[in-house]
1. Could you give, in nm with one decimal, how far residue A:73 is from each other copy of that position, shortest first, with labels 7 Å out from Cα toward Cβ?
2. How large is ³J(HN,Hα) for each residue in segment A:227-244, as worked out from phi by the Karplus curve 6.51 cos²θ - 1.76 cosθ + 1.60 (θ = phi - 60°), to whole Hz, x for Gly and Pro?
3. Return the distance in nm (one decimal) between the two label points of a simple spin-label model at residue A:400 and residue B:294, each offset 7 Å from Cα along Cα→Cβ.
4. Please give every one of the aspartates and glutamates within straight-line cross-link reach of residue A:130, meaning a C-alpha to C-alpha distance under 17 Å, and leave out same-chain neighbours fewer than 8 residues apart.
5. Spin-label point model (7 Å from Cα, Cβ direction): what's the residue A:49 to residue B:15 distance in nm?
6. Give the calculated FRET efficiency between residue B:413 and residue A:459 to the nearest 0.05, with a Förster radius of 60 Å applied to their Cβ-Cβ distance.
7. Assume the label is 7 Å from Cα along Cα to beta carbon: what separations in nm does residue A:434 have to the matching positions in the other copies?
8. Which of the pairs A:431/B:431; B:118/B:326; A:5/A:30 have their Cα atoms more than 32 Å apart in this structure?
Protein chains: 2
Amino acid sequence: MNQEKNIPYKIYLEESEMPTAWYNMRADMKVKPAPLLNPGTLQPMTFEELTGVFCDDLVRQELDDDTAFVEIPKEIRDFYKMYRPSPLVRAYCLEEKLQTPAKIYYKFEGNNTSGSHKLNSAIAQAYYAKKQGLKGVTTETGAGQWGTALSMACAYLGLDCKVYMVKVSYEQKPFRREVMRTYGASVTPSPSETTNVGRKILAEHPGTTGSLGCAISEAVEVATTNEGYRYVLGSVLNQVLLHQSVIGLETKAAMDKYGIVPDIIIGCAGGGSNLGGLIAPFMGQKLRGEKDYRIVAVEPASCPSFTRGKFAYDFCDTGMICPLAKMYTLGSGFIPSPNHAGGLRFHGMSTILSQLYHDGYMEATSVEQTSVFEAAEQFARVEGILPAPESAHAIRVAIDEALKCKETGEEKTILFGLTGTGYFDLVAYEKFHNGEMTDYIPTDEDLAKGFAGIPKVDK
Amino acid sequence: MNQEKNIPYKIYLEESEMPTAWYNMRADMKVKPAPLLNPGTLQPMTFEELTGVFCDDLVRQELDDDTAFVEIPKEIRDFYKMYRPSPLVRAYCLEEKLQTPAKIYYKFEGNNTSGSHKLNSAIAQAYYAKKQGLKGVTTETGAGQWGTALSMACAYLGLDCKVYMVKVSYEQKPFRREVMRTYGASVTPSPSETTNVGRKILAEHPGTTGSLGCAISEAVEVATTNEGYRYVLGSVLNQVLLHQSVIGLETKAAMDKYGIVPDIIIGCAGGGSNLGGLIAPFMGQKLRGEKDYRIVAVEPASCPSFTRGKFAYDFCDTGMICPLAKMYTLGSGFIPSPNHAGGLRFHGMSTILSQLYHDGYMEATSVEQTSVFEAAEQFARVEGILPAPESAHAIRVAIDEALKCKETGEEKTILFGLTGTGYFDLVAYEKFHNGEMTDYIPTDEDLAKGFAGIPKVDK
């Protein structure tokens with residue numbers, strides 16, 4: 001290993017160097033992201049409308065397009081100290097394996113029990129709920145990453161946590177469920193008999209294994225019909241990107257400390273929480289015209305909202321009860337083909353990232369899943385860490401860029417986000433090892449069906 | 001959180017402060033651990049005998065009772081940089097929860113894909129195999145923690161890795177198996193048709209689900225009958241404790257840096273690899289008469305080798321083919337009752353730790369598993385990390401000691417080893433949550449059966 005002088009293999013910031021404020025990209029955007037619309041009136045959602053569902057302080061953050069820096073409350077900074085700073089790692093072993101002149105860095109967010117960056121926003125959302133004097137929060141979870149993070153945050157703060165978990169995941173992924181139970185969350189398979197919407201769906205579709213859209217509907221119903229509860233969400237929202245900016249702020253502080261400047265910044269994109277967090281301060285410089293970076297969003301070829309979606313107002317949920325957001329979308333009825341294994345299955349995208357992409361501040365590319373798992377395995381073998389399939393989308397493109405540098409001889413500095421670990425994704429790894437994993441790229445006809453469900457909104 | 005001034009919540013050593021040599025406790029022991037005996041001749045195993053099974057350099061380390069410090073080769077230090085230094089964490093949130101004046105610290109070894117401290121010795125053993133020009137190594141694994149660590153080390157060095165995994169684990173714990181496959185290891189369910197001993201056992205016991213003893217026999221046969229292979233082992237051996245001393249050396253360096261002195265040092269004990277590593281430099285001071293510490297080994301009440309075993313020469317394996325070791329043992333035929341969930345199921349104990357315990361340098365205590373899982377859950381909820389059941393044995397006793405301080409008002413400093421994470425132990429957690437976990441303390445009659453199998457050796 002040819003380590004560079006004076007640059008540690010893994011850079012950990014000192015506690016005193018950790019960010020004390022989140023950064024809000026919207027403050028520096030000339031064109032702000034379009035507001036959420038009330039699906040009934042098609043008027044922008046007001047503070048009053050939103051606070052029926054979300055905590056007051058979080059709604060303030062959601063609607064605030066102007067404040068650049070939001071102080072991180074001390075209680076949240078204390079919690080961050082439990083698992084942050086996360087390391088910025090120089091991928092020396094991967095570079096050597098690839099024989100590339102490129103310098104590859106990754107910010108690793110998986111060293112906590114939730115296994116991903118989701119905890120950064122979970123603790124913030126739980127904190128504001130607690131501060132408001134609420135009893136608890138509700139949410140939905142698919143595979144369980146977000147539900148786990150929220151359970152951990154609620155356990156720490158002594159807040160009740162009700163998680164609606166898509167029934168098929170509840171039954172097929174009992175481990176995630178047990179982690180949530182360890183943290184004291186109540187985990188209900190959705191659809192359930194505990195809500196009106198759940199009972200209705202069960203009556204209409206007996207034996208259904210559930211969907212994320214249905215779980216959202218149940219979680220929202222419980223939050224809005226129980227005194228002292230609000231609903232929380234792990235991605236897509238502006239507030240989530242704000243909290244996740246801690247990833248990018250730490251990364252930039254670590255790079256600045258050692259005089260490292262990235263040429264390319266790569267992140268995987270599902271709803272946008274990790275990508276939006278990683279790029280935040282770098283995008284800020286770009287928006288202010290101070291510095292230019294190549295910023296690349298990576299999405300699955302089977303769920304290509306940036307690369308093949310439409311920039312339009314659409315529902316965020318399949319149940320079409322949530323506000324409309326203007327974003328790159330495949331239509332709220334779009335569901336990735338069943339062979340899709342690697343997460344990042346949301347049909348839309350953060351409105352902030354959608355606007356930035358629309359305005360040319362970032363690129364997007366899509367990759368097929370077998371090539372993603374190849375990259376994951378190659379990375380694991382040399383760098384040690386077993387990556388989450390989501391994270392491996394970014395690894396794939398980082399490797400491809402490093403191989404381009406090998407051809408051209410360029411010594412580019414590549415930064416990518418390693419969002420989490422793959423300990424709960426081993427069924428997918430097994431498929432890959434057994435040669436049973438396939439790729440699927442939706443046809444234009446497939447996409448047309450999803451697009452047909454996008455509402456006509458004249459904005 | 002009332003953080004002490006100038007002491008970080010988590011202490012990470014700088015790269016330049018990381019240990020460059022392992023520490024060998026035997027050098028400071030007045031009474032050395034008894035040598036391994038050839039089971040045929042009952043004479044001490046010679047270098048020549050041992051090198052048929054183990055790598056030359058590792059046998060040298062195994063037999064070296066005199067060298068206090070063994071330089072860590074640069075290649076191993078480079079690998080250590082991938083996941084070390086591990087953090088020394090002040091358990092502020094646990095202290096607050098317990099309302100104890102005690103100061104609790106834990107050294108967390110779980111932040112790597114193998115999920116435990118096992119990687120510290122796996123990379124060392126793989127390195128010396130590679131240095132000797134071998135093609136590969138063989139080993140056995142039960143639940144798969146050691147097999148995973150070895151697979152990672154071998155993938156990094158480009159060494160072949162053949163793992164014999166107890167068949168019942170192979171079938172019931174497919175996730176660990178898939179992690180090993182990700183790292184390129186060949187994983188064979190044991191007993192198998194690939195060895196003489198495997199075929200013999202299959203012929204005699206068709207349909208057997210295997211045992212660790214059988215898997216050891218297969219791994220040893222493959223190592224000794226294939227050109228360019230040697231056998232490696234993840235615990236019990238002197239060499240393993242030597243490599244694991246990196247845990248204690250880092251811990252002591254971090255404590256010394258901030259002027260922290262532990263009163264009590266607590267570690268879980270199965271074969272002794274983690275405990276022996278954690279206590280090494282502290283025990284060194286104690287052996288040299290420089291300083292006194294209370295050192296406590298914690299074992300499951302269902303497998304109580306220290307607290308209820310005999311100090312005698314015994315076989316290390318149930319197959320009775322390995323050398324005899326003088327240790328605290330329950331008899332090589334002892335198997336914990338089937339309800340035992342939490343690892344630490346070896347019938348014997350490291351010869352070094354056995355001698356130290358015999359000579360009064362450390363204490364031992366045993367705990368029941370439901371109380372261990374209670375401690376695990378309590379810890380997870382406030383400190384965030386989901387602990388391995390093994391590690392939770394140490395948590396249990398650390399909490400108990402902290403509660404004693406609450407009664408007496410003493411501000412003791414407690415250090416314990418948090419060896420790993422529980423992501424692959426969620427079946428046991430589920431049992432605990434469902435109230436289906438039971439305790440079992442073997443009766444004297446149960447133990448007598450195991451003792452009956454201890455050979456009569458007049459040494």
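1. Label-point distances to the other copies, shortest first: 5.3 nm.
2. Karplus-based 3J(HN,Hα) across segment A:227-244 equals 4, x, 10, 9, 9, 10, 9, x, 8, 6, 5, 4, 4, 5, 4, 4, 4, 6 Hz.
3. Rounded to a tenth, the inter-label distance reads 6.0 nm.
4. Here the aspartates and glutamates satisfying the reach criterion relative to residue A:130 are A:56, A:57, A:75, A:78, A:160, A:227.
5. A separation of 5.3 nm, rounded to one decimal place.
6. So, using R0 = 60 Å, E works out to roughly 0.45.
7. For residue A:434, the inter-copy label distances come out at 2.4 nm.
8. Working: A:431/B:431 28 Å; B:118/B:326 23 Å; A:5/A:30 41 Å.
Too far apart for the 32 Å limit: A:5/A:30.
The values are calculated or read from the model by the stated rules, or taken from the named source; none is laboratory data. Just so it is clear, the model here is predicted, and its values are computed rather than measured. Quick reminder, even Gly has a Cβ in these numbers, built from the backbone with ideal geometry, and neighbours come from all protein chains shown. Heavy atoms of the whole protein, side chains included, go into the accessibility calculation; ligands, DNA and RNA do not. Shrake-Rupley method; radii C 1.70, N 1.55, O 1.52, S 1.80 Å.
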